[in-house]
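The block underneath contains the structure these notes are about, expressed in structure tokens.
The values are calculated or read from the model by the stated rules, or taken from the named source; none is laboratory data. Model, not experiment: these values are computed from the prediction. All Cβ positions, glycine included, derive from the backbone under ideal geometry; neighbour counts span all protein chains shown. Side chains are part of the model used for accessible areas, which takes the heavy atoms of the whole protein and leaves out ligands, DNA and RNA. Shrake-Rupley method; radii C 1.70, N 1.55, O 1.52, S 1.80 Å.
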Amino acid sequence: MGESRSAEHGVDFDVVVVGAGFGGMAMLYELRRRGFSVHVLEAGAGIGGTWFWNRYPGARCDVDSTDYSFSFGGIQDEWQWSERYATQPEILRYIDFVVDKLDLAKDIELNARVDSAEWQEATDSWTVQVADGARYEARYLVMATGCLSRIKRPDIDGVEEFAGEILHTADWPLEGVDLTGKRVGVIGTGSSGIQLIPTIAPACESLTVFQRTAAFSVPAHHRILTEEERAAIRAEYPARRELARRSPTGLAAVPANKQSALEVSDTERRAHYEDWWDWSGFGFLLSYRDLLTSQEANDTASDFIRSKIAERVENPDVARLLMPRSYPYGAKRPCVDTGYYETFNRPNVHLVDISAHPLAKMTPTSIHTTAAEYEIDVLVMATGFDAMTGSLLRPTIRGTDGVTLAEHWVGGPLTYLGIGIAGFPNMFLVAGPGSPSLLGNVIVSIEQHMEWIADLLEQQRADGATYVVPTPEAEQEWVAHVNDAAAGTLYLAADSYYLGAEIPGKPRVFMPYAGGLRRYRRECDEVREAGYRGFDRH
Ligand code: NA7
């Protein structure tokens with residue numbers, strides 16, 4: 001690893017990176033390796049971002065761990081994953097391993113939540129203010145704050161009167177929680193709820209699940225990797241990484257089927273879905289190529305999953321409630337599970353449909369819907385996040401002429417390539433809105449941004465330049481392109497967090513880039529080859 005140089009004259013660091021999750025770790029490694037001085041500010045008390053905060057029982061990755069891991073720094077030669085989809089504790093052990101191996105900790109400041117960042121026109125630098133803490137001056141600012149990190153808690157009347165415990169999956173107590181013998185209520189049936197519910201159900205006296213929207217979930221098929229599998233993965237790793245980089249999704253473990261769901265007979269399709277059901281996990285979405293572009297094709301997959309729910313749940317009324325009907329499969333992020341639907345066959349587990357009878361209020365001992373009251377000791381909110389823009393808008397970021405990012409983004413996020421923002425010079429986003437980010441394996445996206453941003457900063461240094469910002473025209477064109485990429489898809493047919501529908505009043509704009517990672521990488525490369533077309537630099 002190259003030694004870091006000291007910062008340019010007049011600034012504390014060449015680069016301040018906000019966030020020490022996978023994105024921040026990658027940026028620190030790469031920029032330091034290329035000779036920049038880097039300081040990472042992390043709000044949490046530990047390194048790991050999402051994986052530091054989301055400690056709820058059952059938390060796991062739902063992308064194969066062999067792909068959801070760094071390809072750089074020689075890490076993959078030494079680290080061995082034990083299971084197909086790693087548990088949160090194993091991912092944290094992996095993060096510790098990476099931090100040690102790449103000597104990252106010395107440049108990461110923990111418990112340092114960034115309050116504000118202000119562009120300094122006179123010096124081409126950012127002033128970054130940590131809450132109740134230090135202030136740093138940096139030439140460049142990299143926001144690696146994660147797409148799913150600003151927590152969302154539902155507003156329920158009387159919530160403050162509740163005498164029991166209220167937990168959120170993404171802010172789970174470090175010391176853990178003993179739910180044995182407790183009457184537990186869970187709000188939320190996205191990925192977090194679907195992982196949590198089967199895990200805690202056996203210990204709870206009763207578990208009441210408050211469901212607003214049913215999710216599509218397919219079996220995860222978690223399993224321990226055998227020694228032979230691990231050896232094969234190690235031997236194939238370079239090719240596997242290349243495959244991931246060139247794929248639209250970054251998922252090397254699941255080869256996308258190029259067929260249309262509509263070009264085969266019903267019998268053949270059913271057999272095909274049965275086959276994929278038995279192994280593909282999250283990749284079920286790739287079982288036919290047109291599941292996200294043709295409603296008719298999607299209906300075949302949605303119907304198949306609903307038929308599986310009917311098989312897995314004994315009570316037909318409960319099964320019916322668990323079947324998603326209001327949006328196409330994949331238009332909200334699909335889930336994978338281990339025994340989720342079967343959990344509703346347990347006598348201590350109850351499903352409450354809060355789309356029919358919404359949550360109304362809480363008392364010291366209970367939660368009410370508009371139809372009934374439920375006595376509980378603990379309420380778990382598995383209610384997700386203010387996705388993609390939430391963590392970027394939490395600090396006050398002021399760019400040129402004092403304009404805030406919140407002002408610039410009042411109608412939804414505007415970016416160039418998902419990396420830069422007009423009016424916010426020398427600032428970059430990692431896997432943020434306008435880039436593929438959540439629509440694929442985010443680690444592959446992070447590595448691509450890591451390289452692209454580092455290349456740009458090297459070019460700046462080589463040119464003696466201290467200023468780089470997208471032009472408003474380039475930003476407008478990119479935003480139009482992001483909208484076009486989503487326009488032909490079924491993503492627009494669901495009230496999802498991709499569209500900002502998770503927060504009342506949030507602009508309804510499709511935020512991630514739906515053109516696929518492969519195409520996105522090509523577009524970013526072309527911009528670089530064209531001398532950073534669309535950026536104003538000096
Ligand atoms: P998600 O996927 O955003 O799921 C949140 C869940 O909470 C979802 O079922 C929501 O129902 C429900 N929710 C949210 N707000 C409310 C209110 N106010 N009342 C009732 N129900 C509510 O978050 P997760 O943490 O599960 O998963 C996030 C990501 O982690 C996931 O995509 C993977 O990438 C891993 P809704 O659908 O909004 O009706």
Rounded accessible area per residue of the chain, 1.4 Å, Å²: 39 Å²
Accessible heavy-atom area order of 14, 96, highest first, probe of 1.4 Å: 96, 14
Calculated P(r) tail over 18 Å for the stretch 65-184, as whole % of Cα pairs: 72 percent
The stretch 331-437 shape via C-alpha gyration tensor axes, a/c threshold 1.5: prolate
GluC sites (Glu not before Pro) restricted to DSSP loop in the stretch 310-406 with at most 15 other C-beta within 10 Å: 314
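Let me check something: with ligands and nucleic acids excluded, how do 346, 528 order by accessible area (1.4 Å probe), largest to smallest?
My answer, sorted largest first, is 346, 528.
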The stretch 382-468 - Rg (one decimal) and Dmax (whole number), Cα, Å: 14.1, 49
Vicinal HN-Hα couplings computed from phi for the stretch 243-249 (Karplus, 6.51 cos²θ - 1.76 cosθ + 1.60; Hz; Gly/Pro x): 4, 4, 5, 8, 7, x, 10
With eigenvalues of the C-alpha gyration tensor scaled by 5 and rooted, the stretch 126-218, Å: 35, 18, 14
The chain: relative contact order as a whole-number percent, Cα under 8 Å and 6+ apart: 19 percent
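Report the percentage of all Cα-Cα pairs in the stretch 295-385 whose separation exceeds 14 Å, rounded to a whole percent.
That tail contains 73 percent of the Cα-Cα pairs.
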Percent of alpha-carbon pairs separated by more than 22 Å within the stretch 410-520: 34 percent
Nearest-10 value in Å² for the accessible area of residue 39, using the 1.4 Å probe: 20 Å²
Cα coordinate range in the stretch 253-412, projected on the principal axes (Å, largest first): 60, 50, 27
Using θ = phi - 60° and Karplus 6.51 cos²θ - 1.76 cosθ + 1.60, couplings along the stretch 137-153 (whole Hz; Gly, Pro as x): 10, 9, 5, 10, 10, 10, 9, 10, 8, x, 7, 10, 9, 7, 5, 10, 10
Vicinal HN-Hα couplings computed from phi for the stretch 399-406 (Karplus, 6.51 cos²θ - 1.76 cosθ + 1.60; Hz; Gly/Pro x): x, 4, 6, x, 5, 8, 5, 4
Residues residue 455 and residue 519, FRET efficiency given R0 of 22 Å [Cβ-Cβ distance, rounded to 0.05]: 0.70
Euclidean distance between Cα centres, the stretch 53-125 to the stretch 256-318, Å: 34 Å
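Take the residue pairs 182/332; 308/361; 332/506; 101/332; 258/332; 332/361 and return only those whose Cα atoms are more than 26 Å apart.
182/332; 308/361; 101/332; 332/361
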Long-range HN-HN contacts of residue 168 with modeled amide H, under 5 Å: 381
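Carbon-plus-sulfur fraction of the accessible area of the stretch 365-466, 1.4 Å probe, in percent?
On the way: 1360 of 2770 Å².
On the stretch 365-466, the fraction of accessible area on carbon and sulfur atoms equals 49 percent.
If the viscosity is 0.890 mPa s and the temperature 25 °C, what Stokes-Einstein diffusion coefficient in µm²/s follows for the chain when Rh is the Kirkwood radius over Cα pairs?
After rounding, the answer is 101 µm²/s.
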